[in-house]
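One structure is given here, and the rest of the page talks about it.
The values are calculated or read from the model by the stated rules, or taken from the named source; none is laboratory data. For clarity, every value in this text was computed on a predicted model and none was experimentally measured. No Cβ is skipped: glycine too gets one built from the backbone with ideal geometry, and neighbour counts run over all protein chains shown. All accessible areas refer to the heavy atoms of the entire protein, side chains included, with ligands and DNA or RNA removed. Shrake-Rupley method; radii C 1.70, N 1.55, O 1.52, S 1.80 Å.
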Amino acid sequence: MDYIKTSKFLALILRHKPEKIGITLHEHGWADVDELIEMTIASGRELDRESLEYIVRTNDKKRYVFNDDHTKIRASQGHTIPVDVELMETIPPDSLYHGTKVDSLPSIMEYGLLKMKRLCVHLSNDIGTAIKVGQRHGNPVVLLVNSGRMYKDGYRFYLSVNGVWLTDHVPAEYLKRI
């Protein structure tokens with residue numbers, strides 16, 4: 001089994017298109033593990049419980065999480081479909097980072113960071129992670145987010161279980177290219 005390909009397929013199903021294999025996510029993003037495995041196999045892909053456990057355990061970005069008894073699974077964040085992954089509002093550090101491509105910079109510096117198709121804007125704790133994110137989209141650029149000031153000004157922040165900071169919008173006035 002190609003675990004990377006299977007993990008990407010799981011991201012598609014659990015974050016964006018559960019209907020592609022005929023499953024429905026619970027309002028909090030949970031999928032029944034047995035149904036996920038069954039419908040993945042029915043769609044012509046390989047998946048068993050042991051492989052699923054391995055993917056969740058070894059995913060470097062901790063994209064997926066099981067419930068306590070491992071009967072349900074969900075993506076930690078990054079959804080484009082309306083789900084509530086039960087994030088708790090959290091006070092952010094004074095600075096966070098966002099990686100993007102250089103081509104997007106003029107629009108971002110005018111309108112700020114928008115969630116686009118996702119449910120939230122994703123921010124990183126460190127520059128290295130932001131660079132990696134930016135590289136996925138082209139020539140990377142890193143933006144410093146004055147999250148401490150944003151929080152004081154009334155913006156809400158959430159921290160996903162895999163360490164990604166989330167917010168609804170980052171206005172341009174809180175951004176600085178580094």
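Would you say residue 92 is open to solvent by 30 Å² or more (accessible area, probe 1.4 Å) and not in a strand (DSSP E or B)? Reasoning before the result, please.
Details: open to solvent by 30 Å² or more (accessible area, probe 1.4 Å): no; not in a strand (DSSP E or B): yes.
Criteria not met by residue 92.
Would the stretch 63-78 turn up any residue that is outside any helix (DSSP H, G or I), among the basic types (Lys, Arg), within 12 Å of residue 10 (Cα to Cα) and open to solvent by 90 Å² or more (accessible area, probe 1.4 Å)?
Looking only at the stretch 63-78, we keep the residues that are outside any helix (DSSP H, G or I), and these are 63-78.
If we keep only those that are among the basic types (Lys, Arg) too, we end up with 63, 72, 74.
In the following step, the residues that additionally are within 12 Å of residue 10 (Cα to Cα) were identified as 63, 74.
Remaining after also requiring open to solvent by 90 Å² or more (accessible area, probe 1.4 Å): none.
The answer is no; no qualifying residue exists.
Please return the ranges of strands (runs of 3 or more DSSP E) entirely within the stretch 111-178 where 1 or more residues are buried (at least 21 other Cβ atoms within 10 Å of the Cβ) and either small (Gly, Ala, Ser) or touching a residue at least 40 places away in the same chain (Cβ under 8 Å) (or both). Don't jump to the end; show me each part of the working.
Values: elements: 121-123, 140-145, 165-167, 175-177.
Counting at least 1 such residues, we get 121-123, 140-145, 165-167.
For (1) at pLDDT 95 or above; (2) in contact with an Asp or Glu (Cβ under 8 Å, 6 or more places away or on another chain), each residue gets a yes or a no:
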residue	(1), (2)
103	no, no
118	no, no
125	yes, no
134	no, no
148	yes, yes
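When you look at residue 53, is it touching a strand residue (DSSP E or B) at 6+ places or on another chain (Cβ under 7 Å) and either within 30 Å of residue 151 (Cβ to Cβ) or not hydrophobic (A, V, I, L, M, F, W, C) (or both), yes or no? Before you say what the answer is, go through the steps one by one.
On the way: touching a strand residue (DSSP E or B) at 6+ places or on another chain (Cβ under 7 Å): no; either within 30 Å of residue 151 (Cβ to Cβ) or not hydrophobic (A, V, I, L, M, F, W, C) (or both): yes.
Taking the combined requirement at face value, the residue does not satisfy it.
When residues of the stretch 46-60 are filtered for being loosely packed, with under 12 Cβ neighbours inside 10 Å, of a type in the set (Asp, Glu) and assigned to a helix (DSSP H, G or I), how many remain?
1
Please list, ordered by first then second residue, the pairs with beta carbon atoms under 9 Å, 6 or more apart or interchain, first in the stretch 55-73 and modelled with pLDDT under 95, second of a type in the set (D, E, K, R) and in a helix (DSSP H, G or I).
Close Cβ pairs satisfying both conditions: 63/15.
Please go through (1) within 30 Å of residue 142 (Cβ to Cβ); (2) open to solvent by less than 80 Å² (accessible area, probe 1.4 Å); (3) of a type in the set (Val, Ile, Thr); (4) part of a helix (DSSP H, G or I) for residue 13 and return the number of the only condition it doesn't satisfy.
(1)
If you check residue 105 against the conditions, is it surrounded by 13 or more Cβ atoms within 10 Å (Cβ to Cβ), under 19 Å from the mean Cα position of the chain (by Cα) and either farther than 30 Å from residue 177 by Cα or touching a residue at least 24 places away in the same chain (Cβ under 8 Å) (or both)? Can you show your working first?
Numbers: surrounded by 13 or more Cβ atoms within 10 Å (Cβ to Cβ): yes; under 19 Å from the mean Cα position of the chain (by Cα): no; either farther than 30 Å from residue 177 by Cα or touching a residue at least 24 places away in the same chain (Cβ under 8 Å) (or both): yes.
No; evaluated as a whole, the condition is false for this residue.
Inside the stretch 16-43, can you point out the residues that are assigned to a loop (DSSP other than H, G, I, E, B), more than 19 Å from the chain's Cα centre (by Cα) and small (Gly, Ala, Ser)?
22, 43
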